[in-house]
Amino acid sequence: MTLPIQITFRNTEHSERIEAKVRQEAAKLDKFYSPIMSCRAVIEEPEHRRKYGGLHHVRIDLGVPGRELVVKHEPSLHSSVQEDEEKTVKHLEVDVPHKNVAVAIRDAFRSARRQLQDYARRQRGDVKSHENQQGQIIQLFPKKGYGFLQTADGRQIYFHKNSVLHGSFGRIKVGSAVTFAEEQGEHGPQASTVRIVR
């Protein structure tokens, strides 16, 4: 990435090693989507968490042409995801907390890459989503942040915790009924906008 990268440290000491890790991860983003207009990373240790073991909070804000794609992870040991609807502004925001700052940076940029890939596919018109399908959760891997659901026609489809709406990933259980949109992912069909049926 040739654009300047703004790196901010909050409630934690500046570290050349951490800054180098951020720059290294940011440099890879152009492979997934080249017209990135800006990149800002915030490395933070929230004040109220400092005495409980130093949870690191990493936020990446990428300026891209088009819509706002927002993924927010609240700062907790078991990050709950809150996904807002797309809006007509020009940045992608990814927010990832973790006890190990290097892992938090890696996970934040992994989420950013995934979002950039999805965004690029939508812009090219590659994604033909099948909206409002019914399904049922058949496998969950909470620590890894993903699972599989079964469609009404018996197919198994991958979903990531960032695809679950309204911070509901922690409430999903095997057997939960859901609605979802199906789209073509990097490794085959995947579910997006997964919503628990109440």
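A short reminder: the numbers here are calculations on the coordinates, not readings from a lab. Every value quoted in this text rests on a predicted model; they were computed, and no experiment measured them. Cβ: placed from backbone, ideal geometry, glycine included. Neighbour counts: every protein chain shown.
Which order results if R122, R59 are arranged by neighbouring Cβ count within 10 Å, fewest first?
By the 10 Å Cβ count, ascending, the order reads R122, R59.
How would you rank 36-47, 7-18, 144-155, 103-114, highest first, on the average number of other Cβ atoms within 10 Å across their residues?
Top of the packing list down: 103-114, 36-47, 144-155, 7-18.
What's the extension gain from S15 to V174 if we count 0.36 nm per residue and subtract their Cα-Cα distance?
Here the answer is 53.1 nm.
Over the Cα atoms of segment 130-196, Rg to Rh with Kirkwood Rh, two decimal places?
0.91
Can you list the HN-Hα couplings for segment 155-168, worked out from phi with the Karplus curve (6.51, -1.76, 1.60; θ = phi - 60°), rounded to whole Hz and with x for Gly and Pro?
7, 9, 10, 6, 9, 9, 4, 5, 8, 8, 6, 6, x, 8
Calculated FRET efficiency, Y158 and R198, Cβ-Cβ r, R0 25 Å, to nearest 0.05?
Once rounded, the FRET efficiency stands at 0.60.
Order 176-183, 27-34, 133-140 from most to least packed using the mean count of other Cβ atoms within 10 Å.
The peptides rank, most packed first, as 176-183, 133-140, 27-34.
Once phi is turned into θ = phi - 60°, what whole-Hz ³J(HN,Hα) does the Karplus curve with 6.51, -1.76 and 1.60 give for every residue of segment 10-18, x standing for Gly and Pro?
Ordered by residue, 3J(HN,Hα) equals 10, 6, 8, 6, 5, 9, 5, 5, 5 Hz.
Across segment 137-144, in residue order, what do the Karplus-derived ³J(HN,Hα) couplings come to in whole Hz, using 6.51 cos²θ - 1.76 cosθ + 1.60 with θ = phi - 60° and x for Gly and Pro?
Working through the residues one at a time gives 5, 10, 8, 9, 10, x, 5, 8 Hz.
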